[in-house]
1. With (1) farther than 30 Å from residue 114 by Cβ; (2) touching a helix residue (DSSP H, G or I) at 6+ places or on another chain (Cβ under 7 Å); (3) modelled with pLDDT under 90 as the list, and residue 79 as the residue in question, which single condition is left unmet?
2. Can you pull out the residues in region 151-161 that are surrounded by 15 or more Cβ atoms within 10 Å (Cβ to Cβ) and more than 13 Å from residue 133 (Cα to Cα)?
3. Go through region 104-124 and report how many residues are under 19 Å from the mean Cα position of the chain (by Cα), under 17 Å from residue 177 (Cβ atoms) and in a helix (DSSP H, G or I).
4. I'd like the full set of residues that are closer than 10 Å to residue 77 by Cα and in a loop (DSSP other than H, G, I, E, B), limited to region 132-152.
5. Looking at the structure I just gave you, is residue 212 at pLDDT below 75, farther than 24 Å from residue 34 by Cβ, in contact with a helix residue (DSSP H, G or I) (Cβ under 6 Å, 6 or more places away or on another chain) and part of a loop (DSSP other than H, G, I, E, B)?
6. Just need a number here: residues in region 104-137 that are crowded, with 16+ Cβ neighbours inside 10 Å and in contact with a strand residue (DSSP E or B) (Cβ under 9 Å, 6 or more places away or on another chain).
7. Would you tally the residues in region 37-47 being within 19 Å of residue 68 (Cα to Cα) and out of contact with any helix residue (DSSP H, G or I) (no Cβ under 8 Å at 6 or more places or on another chain)?
8. Looking at the structure I just gave you, is residue 53 closer than 17 Å to residue 178 by Cα and free of Cβ contacts under 8 Å to residues at least 12 places away in the same chain?
């Protein structure tokens, strides 16, 4: 669908998702713009991953609208990706599981996350931080307009987390892409980003009258139930 605002990549208006008669999330508004970093935070069960998948078109919404820019290209890093350690799967093979890409394109994506000098080791030998950066490289292969990252540093130590988020900032600047990053790291949220969206576990059907506290002033973000 088209956007009237050329900088808007995705616009979410009063969106709700219901499962088995229960609202997973409801009355959610947000806008993702090119070059902007938006954090999505909230307690477990508040619907953060569900909202991310709705943005990507992987989960159907039950009310509201999601409008995407024409020709929008999206890179997605899921919260978890389990790989059987017994599979003889190399780093570069994982990069091509979803399609064939020219070697220079793969090299550029690996260089963007600092894995270009690692060679082609088995995926099972990578550290937690290296594996997450590999997933980020897979998301970058098409040079996306929008990156959606679902707790991408989960299970990574503090040093690795800092490196990972530095890479995301570099990628945002280099590609001028929008970024939606789901996280529980409140220190990170307070230190960076352009907007913060807070999701609360949904317990009723009325819009939440409290337009909540955010780490930075927002134009579109609203606390959602």
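The values are calculated or read from the model by the stated rules, or taken from the named source; none is laboratory data. All of these numbers come straight from a predicted model, not from anything done at the bench. Don't worry about glycine lacking a Cβ; one is built from the backbone with ideal geometry, like all the others, and counts go over all protein chains shown.
1. In the conditions (1) farther than 30 Å from residue 114 by Cβ; (2) touching a helix residue (DSSP H, G or I) at 6+ places or on another chain (Cβ under 7 Å); (3) modelled with pLDDT under 90, residue 79 misses (1) alone.
2. Correct list: empty.
3. 2
4. 151, 152
5. For residue 212, the condition - at pLDDT below 75, farther than 24 Å from residue 34 by Cβ, in contact with a helix residue (DSSP H, G or I) (Cβ under 6 Å, 6 or more places away or on another chain) and part of a loop (DSSP other than H, G, I, E, B) - is not met.
6. 4
7. 1
8. The answer is yes for residue 53.
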